[in-house]
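The values are calculated or read from the model by the stated rules, or taken from the named source; none is laboratory data. A quick note: this is a predicted structure, and the numbers were derived from the prediction, not measured. Glycine gets a Cβ as well: all are built from the backbone with ideal geometry, and neighbour counts include every protein chain shown. Surface areas here come from the heavy atoms of the whole protein model, side chains and all, with no ligands, DNA or RNA. Shrake-Rupley method; radii C 1.70, N 1.55, O 1.52, S 1.80 Å.
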Amino acid sequence: LYYINVSQFLSRFPYYFVWHISEGAAIASGFAFNNYDEKGQPKWNRCHNVNVWQLEFGQNWKAIFDNWNIHTGQWLRSYVYVRVTPRGKKPNTWATIITFFVSAFWHGWYGGYYLAFITAGWLTNVARVLRRQFRPYFMEKDGTTPKSYKWAYDILTWAVTLCVLHYVTTAFSILAVTSTLKIWYSVYFFGHIGGLVLYLTAVYVLKTPPNPTINPDLKATKAQ
């Protein structure tokens, strides 16, 4: 588990380096110009592709993927995630999984891509359900004011999110299905089993959160 977390943490730095060097080249050439802000200052973020700080300290899967490979994520959202969702309805679990599958297909044919992205798509939906169920216990009734002990929730969700992310991206780094399954087996498939147990607990065991007004989709999630 230690090796998984250290190796996957370090594996992101080559991407950070390349993206920032590319962004610098785009700014120097003028291609990164992106109009002016409200103060009349030029914006040079057209080619900005990663937010390192927000990613490394993200407390949920959405925060991770919104700040990694940003432009590819925006393309997938606009041309896959939204388009596979029936008109007038909210995106569901299948929309997320299909989007991640397309991303895996775009990366190539190695089985590790499909293990990583399909698992990530499923865990994204699991994390969404868990957030709706547990976060209200750490918020006041208005849904925006944190309680005095919410810091514990923030630290726990950050640590769990990053640990599970490293578990999943092991497949992306290794690519080989057999080798990936051996590594996951060595840590007892904690990402898959833990996600399933927590999902079933949140949906079928725990009571409705104390602030249902800030969880409008909880009943719909349980119905699914």
Between the alpha carbon centres of segment 3-25 and segment 57-87 the gap in Å comes to 20 Å
Only Lys, Arg (+1) and Asp, Glu (-1) charged, at Cβ; segment 95-186 dipole about Cα centre in debye: 200 debye
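Rounded if a/c is under 1.5, else prolate if a/b is larger than b/c, else oblate: which is segment 47-174, with a ≥ b ≥ c the root eigenvalues of its Cα gyration tensor?
Working: a/c = 1.90, a/b = 1.45, b/c = 1.31.
Taking the square roots of the gyration eigenvalues as a ≥ b ≥ c, segment 47-174 is prolate.
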Roughly to the nearest percent, how much of the accessible area of the chain is carbon and sulfur, given a 1.4 Å probe? 66 percent
Which of the peptides 83-93, 130-140, 105-115 is most tightly packed, and how do the rest follow, going by the mean number of other Cβ atoms within 10 Å of each residue? 130-140, 105-115, 83-93
Greater than 24 Å separation of Cα atoms is the criterion. Which listed pairs, 62/150; 90/150; 89/147, meet it? 90/150; 89/147
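How much length would be gained if the chain were fully extended between residue 20 and residue 205, taking 0.36 nm per residue of separation minus their Cα-Cα distance, in nm to one decimal? It would help to have the intermediate numbers written out before the result.
Values: separation 185, 0.36 × 185 = 66.60 nm, distance 4.58 nm.
Going from the current span to full extension adds 62.0 nm.
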Net dipole in debye of the chain [+1 Lys, Arg Cβ; -1 Asp, Glu Cβ; about Cα centre; nearest 20]: 740 debye
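With a 1.4 Å probe and every protein chain left in place, work out the accessible area per residue of segment 108-177 in Å², rounded to a whole number.
Working: 3370 Å² over 70 residues.
For segment 108-177, the solvent-accessible area averages 48 Å² per residue.
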